[in-house]
Structure formats: structure tokens, C-alpha cells
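Readers should treat all values here as calculations from the given coordinates under stated rules, not as data from a laboratory. Since the model is a prediction, treat every value here as computed from it, not as a measurement. Glycine also receives a Cβ, built like all others from the backbone with ideal geometry; neighbour counts cover every protein chain displayed.
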Amino acid sequence: MASVVLRRIHFLRKNVTFFRLVFTAGMDPMGSAFSRSPLESLQFDNVALKKLPLDPSEEPGVRVVKGACFSRVQPQPLVKPTFVAVSEPALALLGLAAEEVLHDPLGPEYLSGSKVMPGSDPAAHCYCGHQFGHFAGQLGDGAACYLGEVKAPANQSGDLLRENPCGRWEIQVKGAGLTPYSRQADGRKVLRSSIREFLCSEAMNALGIPTTRAASVVTSDLRVARDVFYNGQPRLERCSVVLRIAPTFIRFGSFEIFKPMDELTGRQGPSVGRNDIKAQLLDYVIETFYPEIQQTHPERSDRNAAFFREVTVRTARLVAQWQCVGFCHGVLNTDNMSIVGVTLDYGPYGFMDRFDPDFVCNASDSSGRYSYQAQPAVCRWNLARLAEALGTELKPESVEAILDEYLPLYNGFYLDNMRNKLGLLRREEPEDEALITDLMQTMHNTGADFTNTFRSLSQVRAPAREETRDKAKEEVSRSVDLLMEQCSSLEELKEANKPTMDTRELAMVLSLAQTNPALFEMVSDKRTVARQLERLARLKELMDTNQEDLRAKQRDDWARWVKRYRNRLLQECHEDSDAQLVEEERVKVMDSTNPRVVLRNYIAQNAIEAAETGDFSEVQRVLKVLEKPFCVQQGLEQPLWLRRGGGVGEVRRDEGRCGPSEEEEEEGVGTASVSEPPPSVPYDSKPPVWARAICVT
């Protein structure tokens, strides 16, 4: 009898141990065991929602939100969410391993907001903004949703902690459904815009440019209608969600919710007059993201001025970095300007192919307000709007003095970056600025590819001390041959210089400028007309030449510049210097500064069209290439999707409707119809002919 009792006790002990293991691992509703999701172990500390006012109302639907910086929301689940791609370095910020996340059955649900992680507290941020120069009133997170702030892992690098001193990463899902700020939209994003944001966020980080990060893209079987080309022919597209990461997504426009009525538009911020909340928001931003300023400036007015100056410095540095890689943001509204100086909100962005200072990446920007060359000035204008929004928190004399520093700061950052791009490392000469200006003008005149031209410059050899005239001539000719490969043909230049305004419309506008200046100012502006006239003049020159004469002119232009550049390189090497070591250092710095690959529109478009067929491998492949933009990666030289015989899917031509909302601007990417599969080209080549048809709005 005793032995039977002992056997039963032993049996019960074994089963108690078994059930403990099962319940430690977890149980699903049907009672089967499952391992815990790594996303359930994230440590949230949602300080923003504790320190900033929350909207007391939780009523559904779009509404004006007064007296609050955030509104609680509930992300709307996707149908059958599935991963398109994840970024290993971005997930590492949260202490997550990419392989674990990819193999987690709950991963797509958690990272799309379809299932809320333990500790998460979903909310949408209220902000306003000046859009295309005009105050738009309340905007806010119309498709984005704050999930919370995740504590950085203990082993996070010192560099990252300096970049993000609060030790927490805000995570946000974009495309998770309606919020009080969705306006006329549905709060959803589709595969096209989600892939573009995901890839560009990680590409910019790999280029060393401050940016929000993207940890994953999730798509689904849920579909929404989108009129891609604004031609009245919508099509159903897959709802998709990007998980974004940043120290904070607070922006210039966050402070514009307190703006009094705008004289031009008649709009005002929803929290006008709430200076108490403005002070609360400002205190939170400085204490959390600028702790050194908080600690070293006991006087509030001094602290606030130091803060505004640091935002100015970071903004000047950021836009200088954009300019040096040929990046155009596309929608530089105040609501898209980060308060911590990172690139924010990837909508109709673009990396330049052929260098053109008037490059406009957003097809909806008919006036060229956000063109490549306008970006530095626009960022200063946005800083002035931030100062206005801060109001009495800043002394007017401080604002004026700090804004006066902006242009010298920008020029300094730009010159430093450009010297590295040209390998001018050991000396700073007064002639350097003119040398850079002459380079940009030569690139413009010859229609040279921006990225590849700079990449080629490391192959221009510095002259030896005792170089003969014949050897110098040979080296210049070899260098010019390299650079000529990046120049545009006559037909390409003709196409590029066609006025975007119909000639009859231009004639009418010119007539108005003379006869009715007031009406002229309503329908156009002097800058736009001047740009159209410049294009016409350049087109006329091109019509009067031929390909052979053009090539000869391009060679002469480049030969003149290369001689000047080589003479400058000679100054880098002192008499007692080791010429070989100097040259090796120059090439090393240039090749780690001038990327081999950037996210050109056609590369993104190819990945998008593959993904729309259900093949996500090209997105993942492009991500790997962009994570190491300065080096050749064996086996990753060109797209696999096209080489397998796939082609660009049939899409319709853009009808050119102007003036979509910002929500629409982030969604619209397409190409003209392509009847046959385009040939595959390496990622580091000039764009193929079919890439000209890509239209981003």
C-alpha cells in the first residue's frame, strides 16, 4: 500500500513540474503550449504620456483636439499580416534579434499594431504645420500611432546613447488606421509608400545621416482603394504598416498647436492661448532630449535660447548632409521637421540622378518650393516659424542673432562634407569653395550623374611631384574618360530641359506680368517663370547642336576642371610627406564618403513591383545593398527579380493632377506603361531609360 502511495506522489510531482513549464511558456486559448514572443519582453516606459497632456476624450472619429498633445487611439488590426522585411540593425536598437522576430508567430501582429504589446499605450500626436508656406491648422498623426517608449538595452553603444540621451526609443506604427487627426483619409498606408519609407530610413542611416529608423514592413490581405495617378481610376492595394523608431517624433509643428489666428489663412492652432501647455512641452523636450542644455543653463531664457540654437545647428548640419548626397525631401513642411534634427517622414523624396540644382522630386510641387537648391533656405524659414511658435519663450534679439548664424553654419558643414568628398583632407584653401562650385556647374552643364560622378573622383590620381607634361596630359585624358561615362546624351539633355509649363501658358503668364502684376502674383511667381525661360534658352542651344559637338564640349569642360582639381590635390602633399600614403588616405576617405549606391527611384520601384506580385526577396536584397552603400557586395551587384525575367507590371500614365493632400503625397508612386520587361542594370549604374517615367507625388 505504501509503495502505491509513493508511486502516486512521484507521478503528481512529475506532472506538477510539467504544468509549471507549460504555464511558464504560456497557453493559447485552446490550451496548447507556446513559447513567449520576444516582443512581449520589451520594457516600456511611456514618459511622454506621463509628462504631456492627454486628450480626455476617447470618442471615435476626426475632431479638433484642444488642450492636449496626444490622444489615445486603438490601432485597427490587419487581415493576415505578414512580414515583407525587417531591419536587423533597427531591431537591435530595441534589443531584438531579427531572426527571432521573423520566426515569431506573433511578430507581424505586434509590429503592425494588430495586437498590442504588453506595456504599450497607443496614442496619436497632435501637431499643426505650415504646408507649402501656408498655415494649415491642426494636422496630427493621421496614419501614425505611438506605441510607447522602449528602454534601450543595457549594451547599447555610447554613440547611440549620445544621439538619444533619454535611453528610450519611441516606437510607432504607420498605417494602423484612423485617429482623430486622419482628416479625409482612412489612416492606412499601402505597400508602395511603406516600402519606400522602410528602405529610405535604413539607407539614410547607413549613409551616416541622422534619421528616424524603420524596423519592419508588414503587409496584409486587407485592401484599400487608391487613385495612384489621380485620374479617377482607383485600384485596390494591400494595407501595409511600417514600424518606425526614433528618440522622439516631436516636430516643429508640435509647437504650432498654440498658434494664434493666421492672418493669411484664417486658421489657428487648436490650443491657442494655452501657454501653460507650451511651457510644459518645451520643458519636456529640453529636459529629455537636451539634458546638457538643461543642466548648464539655470536661467530659463538662456536655456531656451541655447535650445533653439542647438536645433538650428542640427538642422543646418542635416540639410548640408542631404545636399552632399543629392537627397531631396520633397515635403519640407514645418510638420515634417524633427525637433531633434533627424530626417523625418519619407513621402515623395528622391535621390538625384542627373545633377540639376532645380531638381524637384515631388510631382505635386509645381512651384519648386522644395527643390534641391531651395532646401537650405526652406529649413531656415521653418526655423523662423518654430521661433514664432515658441513666442515669448524666446527673446526676439536672441532669435534674430541665432537665425543670422544659420547660413554660415550651413556653409561650414557643407564645405567640410564636400572637402571629404573631394579628398581635400590636409589643408583648407580659400580656392576650395570656388573649386566645388565649378564642379557643380560642370556637372550641371554636362548632365552628369550626381552619385557616380563623385564616386569616380577617387580614381582621379594626384599628380606626382616630377610629373611630365605628357604624363599630366595622359592622366587628365584618362580621368575625363571616366567622367564622360556619367554625362547625359544630347537627347537626354533635351528631354531634361523641356519647360514643364506649356508654351502658350508661359506666354500668357508673361503677358500678365506686364499688364496685370496683381493677377500674375496669383497664378505664378517670378522664380517659376525665370526657371521656365532658362529651360527654353538651354533647349534652344541644344537644338542648335549635335551629339558630336556636345561630347566635345563636355570633354573640354571636364578637362578644364580636372586640371584644376589635380593642381589642388598637389597642395595636399608636403615635401616631407609620403605621397603614396597621402594618396591612399585620400582614396580611402573618398570611397567611404561617396556612396556607390543610393536608393534611386527606379531601384525602389523595382522592389515595389516585385513585392506587389508577392515576391518580397527584392525588398530584402535592396535592403542588404543599402546597408553597405560604400562597398561592393559580391553576389548583390544587380537585381535578381528582373534577371529572372520579371518585368515592370502594367500601370497607367500620370495624368498630372495637382494639389493632393499630404496623405496622398506619401502614397502616390507610379510609372508610365512599359510594354516589355526592362533590362536589368546594376544597382550602381546610371538609371535605365524606363526610370524617367516614374512619377512620385
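With all pairs of different C-alpha atoms in the average, the Kirkwood value for the hydrodynamic radius of segment 163-222 is 13.4 Å.
With all pairs of different alpha carbon atoms counted, what Kirkwood hydrodynamic radius in Å does segment 108-234 show? Walk me through the intermediate numbers first.
Working: mean 1/r = 0.0598 Å⁻¹.
One decimal place: 16.7 Å for the Kirkwood radius.
Over segment 325-382, the hull volume per residue, using the convex hull of the C-alpha atoms, is 83 Å³.
Going by alpha carbons, how many degrees (0 to 90, nearest 10) lie between the helix axis of 617-627 and the longest principal axis of the chain? Computed tilt is about 70 degrees. Size of segment 39-153: Rg and Dmax of its alpha carbons, in Å, are 16.2, 47. The simple Förster model, with R0 at 41 Å and r as the Cβ-Cβ distance, assigns Lys498 and Asp159 a FRET efficiency of 0.30.
Tell me the angle of helix 469-484 to the major Cα principal axis of the chain, expressed in degrees between 0 and 90 and rounded to the nearest ten. It is inclined by approximately 50 degrees. Please name whichever of Val64, Val340, Phe307 sits farthest to the positive end of the charge dipole of the chain, dipole taken about the Cα centre and charges placed at Cβ: Lys and Arg +1, Asp and Glu -1. Value computed over the given set: Val64. When its C-alpha radius of gyration is set against 2.2 N^0.38 Å (N residues), segment 300-422 gives a value of 1.08.
With each run of n ≥ 4 DSSP H residues scored as -39500 (n - 2.57), what mean residue ellipticity at 222 nm is computed for the chain after dividing by its residue count and rounding to the nearest 500 deg cm²/dmol? Can you show the working numbers first?
Numbers: 25 runs with 307 residues, N = 697.
So the calculated ellipticity at 222 nm is -14000 deg cm²/dmol.
Rounded to whole Å, the principal axis extents of the Cα atoms in segment 385-464 read 59, 29, 17, largest first.
Between Gln571 and Val47, the simple label model (points 7 Å from Cα in the Cβ direction) yields a spacing of 4.7 nm. Take the Cβ atoms of Ala225 and Arg527, set R0 to 35 Å, and the FRET efficiency comes out at 0.40.
Looking at the chain, the pairs of alpha carbons with a distance over 51 Å make up 16% of the total.
Dipole magnitude for segment 42-274: computed about the Cα centre from +1 point charges on Lys and Arg Cβ and -1 point charges on Asp and Glu Cβ, it is near 500 debye. Computed from the C-beta positions of Asp481 and Cys631 and an R0 of 22 Å, the FRET efficiency is 0.40 to the nearest 0.05. Highest mean packing comes first when the peptides 260-267, 58-65 are listed by Cβ atoms within 10 Å, giving 58-65, 260-267.
Here the gap between Ala384 and Arg427, fully extended at 0.36 nm per residue and compared with their Cα-Cα distance, gives a gain of 12.0 nm. A dipole drawn for segment 42-274 from +1 and -1 charges on Cβ atoms has a positive end, and of Leu52, Val242, Pro260 the residue lying farthest that way is Pro260.
Sorted largest first, the principal axis extents computed over the alpha-carbon atoms of segment 536-583 equal 53, 20, 12 Å. If you average 1/r across every pair of different Cα atoms in segment 42-274 and take the reciprocal, what Kirkwood value do you get, in Å? Roughly 18.4 Å, rounded to one decimal. Shape index of segment 432-592: Rg/Rh, with Rg the Cα radius of gyration and Rh the Kirkwood radius from the inverse mean 1/r over Cα pairs, equals 1.14. With a cut-off of 15 Å between beta carbons, the residues surrounding Ser114 carry a summed charge of +2, where Lys and Arg count +1 and Asp and Glu -1. Exposure proxy shown here: for Tyr110, Tyr372, Tyr290, the number of other Cβ atoms within 10 Å sets the order, fewest to most, as Tyr290, Tyr372, Tyr110.
A simple charge model with +1 on the Cβ of Lys and Arg, -1 on the Cβ of Asp and Glu and nothing else charged puts the dipole of the chain at about 1700 debye relative to its Cα centre. Against the chain, whose longest principal axis comes from its Cα atoms, helix 432-446 is set at around 90 degrees.
Evaluated with a Cβ-only charge set (Lys, Arg +1; Asp, Glu -1), segment 432-592 carries a dipole of roughly 540 debye about its Cα centre, given to the nearest 20.
Extents of segment 435-519, largest first, come to 66, 24, 22 Å (Cα atoms, principal axes, whole angstrom).
The residues packed around Ala98, meaning those with a beta-carbon under 11 Å from its beta-carbon, carry a net charge of -4 if Lys and Arg are +1 and Asp and Glu are -1.
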